[in-house]
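No lab work stands behind these numbers, since they all come straight from the coordinates. All values derive from a computational prediction rather than experimental measurement. Quick reminder, even Gly has a Cβ in these numbers, built from the backbone with ideal geometry, and neighbours come from all protein chains shown.
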Amino acid sequence: MRMIRWICSYTRIDRIGSGVIRDLIKLASIEDKMRETRLRWFGHVKRSVNAPVRRCERISIPAGKRGGERLKKSLDEVIREDLKVVGLTENLAQDRRL
C-alpha cells in the first residue's frame, strides 16, 4: 500500500483508506489475487497426472484427537471454497484454454 499511495501522491497524513485508494486505481483486492494464485497452482498440479509426488494426495490421515486450538483448514478445503466462489469445478483444471 505504501507504493500505491506514493503512485497516487497520497500520504498517511491524508487519512484516505486503503479501499478507497485501491478503487481509484482499479486494483484487485489481495484476497482475489491470492485466490487467483492458488487456483493457478492447483491447475498446474492437477495437469501433472503421472507424477510420483501425486501419491501423497491419496494418503488417508487417520482421524485422531488434536489439541484444544482451533482446527486449521486443509489445502483441499481452501481450494474447494475458492472453486465455489469462482464457479469452477476440478475438471476444468485440466483445460488450459480457460
Query raised in the report: the stretch 2-35: which trypsin sites (Lys or Arg not before Pro) are DSSP loop and have at most 15 other beta-carbon atoms within 10 angstrom?
Result: R15, K26
Requested in this report: Starting from the Cα-Cα distance between N91 and K33, subtract it from 0.36 nm times their residue separation and give me the gain in nm to one decimal.
Outcome: 18.7 nm
